[in-house]
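Here's the structure, in structure tokens; my notes come after.
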Amino acid sequence: MEFTEIFPIWDKLTPAQQDKISESIIHRSVKKGVMIHGGSADCAGLFLVKSGQLRAYILSDEGREISLYRLFSMDLCLFSASCIMRSIQFEIQIEAEKDTEFWVIPSEVYKQIMEESAAAANYTNEVIASRFSEVMWLMEQILWKSMDKRIAAFLTEETDLEGSSQLRITHETIANHLGTHREVVTRMLRYFQSEGMVNLSRGKIEVIHKKKLEALLDD
């Protein structure tokens with residue numbers, strides 16, 4: 001799978017614009033756990049994911065994490081190049097959740113093309129709107145959903161993403177995703193286990209009754 005096959009507006013660019021991107025893009029491969037972007041001061045460029053999985057999150061003043069959204073194959077991350085959108089200042093961190101391959105489009109190159117191409121400008125606005133919707137959904141979860149429902153939703157989403165009921169994930173990792181304390185997650189998971197929804201072991205959670213978790217979401 002090549003860059004030209006998955007960059008959504010490739011066919012809408014002029015040959016000169018296509019050449020400019022082709023000559024400047026950088027292909028990167030990173031291992032799980034590698035931090036690839038560290039805040040608004042790090043204007044690394046736009047990331048187009050070829051394969052793998054990235055996580056975008058923010059840090060509180062106390063160092064607590066909360067996930068904003070994830071990026072999968074064919075997803076474009078704009079906020080790794082926040083310097084091209086000066087009215088938007090996000091202190092977003094981006095790390096690889098799995099071994100990941102992606103392309104980097106230099107910020108200055110994309111900014112120039114965006115100024116020349118209506119298709120690029122419109123696509124950029126669509127991506128921003130999509131990410132904003134995801135962040136607003138997250139705010140709704142934090143403000144209105146109880147922690148048991150948020151953890152249940154996270155577990156069901158993870159089983160769908162991994163295609164398995166066996167999740168190799170720590171309580172600390174779940175807490176980082178949800179912006180809470182590990183002790184809160186542990187207490188809730190133990191409750192889920194007592195209710196026959198999950199089995200817990202070191203570094204692993206087995207979802208044994210997904211329908212019960214889903215019923216909790218509908219309650």
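Rundown of residues vs (1) at pLDDT 95 or above; (2) among the hydrophobic types (A, V, I, L, M, F, W, C), yes/no style:
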residue: V127; (1), (2): no, yes
residue: L138; (1), (2): no, yes
residue: Q166; (1), (2): yes, no
residue: N176; (1), (2): no, no
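Screening the candidates S73, S22, S29, S67 for the property of being of a type in the set (S, T, N, Q), assigned to a helix (DSSP H, G or I) and not assigned by TED's automatic domain parsing to the domain that holds L167 yields one hit, S22.
Yes or no, residue by residue, for (1) in contact with an Asp or Glu (Cβ under 7 Å, 6 or more places away or on another chain); (2) β-branched (V, I, T):
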{"position": "D160", "(1), (2)": "no, no"}
{"position": "R168", "(1), (2)": "no, no"}
{"position": "T173", "(1), (2)": "no, yes"}
{"position": "Q193", "(1), (2)": "no, no"}
{"position": "V198", "(1), (2)": "yes, yes"}
{"position": "L217", "(1), (2)": "no, no"}
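Screening S29 with (1) small (G, A, S); (2) touching an Asp or Glu at 6+ places or on another chain (Cβ under 8 Å); (3) loosely packed, with under 13 Cβ neighbours inside 10 Å; (4) within 12 Å of V104 (Cα to Cα) gives one miss only, at (3). Apart from one condition, E5 fits all of (1) touching a Gly at 6+ places or on another chain (Cβ under 9 Å); (2) part of a helix (DSSP H, G or I); the exception is (1).
From the list L143, L71, L59, L138, the one residue that fits, being touching a Cys at 6+ places or on another chain (Cβ under 6 Å) and either in contact (Cβ under 8 Å) with a residue 60 or more places away in the chain or of a type outside the set (K, R) (or both), is L71. Candidates are the residues of segment 120-140 that are crowded, with 16+ Cβ neighbours inside 10 Å and not aromatic (F, W, Y); the one that is farthest from I66 (Cα to Cα) is A120. Could you count how many residues in segment 157-174 are in contact with a strand residue (DSSP E or B) (Cβ under 8 Å, 6 or more places away or on another chain) and either among the basic types (K, R) or surrounded by 17 or more Cβ atoms within 10 Å (Cβ to Cβ) (or both)? Going through segment 157-174 one residue at a time, the tally reaches 4.
The values are calculated or read from the model by the stated rules, or taken from the named source; none is laboratory data. These numbers come from a predicted model, not from an experiment. A quick note on method: Cβ atoms are made from the backbone with ideal geometry, for glycine too, and the neighbour counts reach across all protein chains shown.
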